[in-house]
């Protein structure tokens, strides 16, 4: 029974890719990068409603030895690592490593800091679904040691 369920799950995944590809001519290839219902912190994806919505796509580049500084994202953002590696530490001390080719949904309203790992700059394609005139990233103080120890 377990094997049958695994085969069905694989077929369902292949069918979703095939359905995306069939909307285009056969010469067009579709490579899924991210399909998730949660952010990197495990929170469910939530689409806020704004009076003046805006989508931004940007390249974020951080030099070797650099870091983002502690910050939050008040709106949903999605990232694709174009080059390099970055370790993201979230409030509570959890660390995750992302490298070229990785894609993820950013944490929303959770403190985190990214540090470049290695000697190559990190280049990140970010797509932000926010509100016109509002920031997609907000600086914060580092979490207190008490919060990090939990």
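List of remarks:
- Paramagnetic label zone (point 7 Å from Cα along Cα-to-C-beta, residue 119; backbone N under 14 Å) in the range 62-96: 64-65
- Based on Cα atoms of the range 34-149, Rg over Rh with Rh as the Kirkwood radius reads 0.95.
- The residues 81, 127, 59, 45, when put in order of fewest to most other Cβ atoms within 10 Å, stand as 59, 45, 127, 81.
- Spacing of the modelled spin labels on residue 45 and residue 87, each 7 Å from Cα toward Cβ, amounts to 2.9 nm.
- For peptides 86-99, 26-39, sequence by mean Cβ density within 10 Å, most packed first: 86-99, 26-39
Just so you know, all these numbers are worked out from the coordinates, no wet-lab data involved. Worth saying up front: this structure is predicted, and the values here are computed from it rather than measured. Positions of Cβ are backbone-derived with ideal geometry, glycine not excepted, and every protein chain shown enters the neighbour counts.
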